[in-house]
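*Asks:* Have a look at this one.
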Amino acid sequence: MIKQSSPVKHRFHQGVVLNILIIPFAATLFAITVGLGWVSGKDLILFGAFSFAVALGVTVGYHRMLTHYSFHANPVVKLILLILGVWSLEGTPLTWATTHLEHHANADKDADPHSPMKSLWHAHAGWLFNKRRIDPNIYAQKQLNDPIVMFVTKTAGFWAILGLVLPFLLGGWSGFIWAGLVRVFVVHHVTWSVNSLGHSFGTQDFNKGHDLSTNNWLIGVLALGEGWHNNHHAFPKSAFHGLKWYQIDISGMFIRLLGFLHLANDICVVPKQAIMAKQMAASKKGVEAHM
């Protein structure tokens, strides 16, 4: 049994966080102002492939599989998804899951690590510079006792470097810039937009008055289905965030594919009756608020 008995620093050293923010940003500025003149089709293909794979590592691997146990994956698939999550440079599997579970436990309250109630910037990236400590034993006990999760967490540095070396090996320096650094920048800000814009702009079908989570179609598309964030807060364990036919959820489609290939099981689907009951409760609360 793997156990972590004392609180741990939840974020990297502030200098490391600053570098992870600034270097991809500078590389992206260079790429769009200077690099567009020599960018190749191969660079763009590598950028698209790495961005999509790493985004799935975050949305399917880190978020739905690891944090909420919305489904159980084949061990090899689980390992690959967690490694792809590390490639996002958003933290180790353990730190990512712990932060997100703390967010759900205290959504848009003082203890929420990244609520826009403090500021939009704080929700987006400012919270990364917090010096506070949290204890995974409180929020992530299951993850602490998962050998695959802890293996990837302990070897995260190696996987993070590999995620930048591979684009260089496949595409040289231009591949490193586009599929490495620019990809990190894009995945970062799309992910963080769920925390900031996904709690500030959009609609609420559920949880009215409970938290600020919203359904935002633009983030829904860019974040592969994570933008249906109000749906997610209403049904955190659901493997599918898009609950209506027009709510495109690429991550949910990928999970369905894993299930079809028998690479995932115990996929959590919210019953229609539960959805209707929560919608009616939200509508009633909205009527009462206007009386």
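Every number here is computed from the coordinates shown, using simple stated rules; none is lab data. From a predicted model like this one, the values you see are computed outputs, not experimental measurements. Every residue, glycine among them, receives a Cβ derived from its backbone with ideal geometry; neighbour counts consider all protein chains shown.
*Asks:* In degrees, nearest 10, range 0 to 90: what is the angle between the Cα axis of helix 93-105 and the longest Cα principal axis of the chain?
*Replies:* 30
*Asks:* Let me ask something else about it. Given the options Val76, Asn106, Thr59, identify the residue whose Cα lies farthest towards the positive end of the charge dipole of segment 21-122 (+1 on Cβ of Lys, Arg; -1 on Cβ of Asp, Glu).
*Replies:* It is Val76.
*Asks:* Cα axis of helix 183-196 to longest principal axis of the chain: angle in degrees, 0 to 90, nearest 10?
*Replies:* 20
*Asks:* How far is it, in nm, from the label point at Asn137 to the one at Phe168 when both lie 7 Å from their Cα along the line to the Cβ?
*Replies:* Simple spin-label model gives 4.0 nm for this pair.
*Asks:* State which entries of Lys142/Lys278; Lys131/Lys278; Lys109/Lys142; Lys154/Lys278; Lys131/Lys154 exceed 32 angstrom in Cα-Cα distance in the structure shown.
*Replies:* Cα-Cα > 32 Å for Lys131/Lys278; Lys154/Lys278; rest within.
*Asks:* Could you tell me which residue out of Leu169, Thr214, Phe235 lies farthest along the dipole of the chain toward its positive end? Charges go on the beta carbon: Lys and Arg +1, Asp and Glu -1, centred on the Cα centre.
*Replies:* Of the options given, the answer is Phe235.
*Asks:* With +1 on each Lys and Arg Cβ and -1 on each Asp and Glu Cβ, and nothing else charged, work out how big the dipole of the chain is about its Cα centre, in Debye to the nearest 20. Before the final figure, lay out each step's value.
*Replies:* Numbers: 22 positive and 14 negative charges, 64 e Å.
Here the size comes out at about 300 debye.
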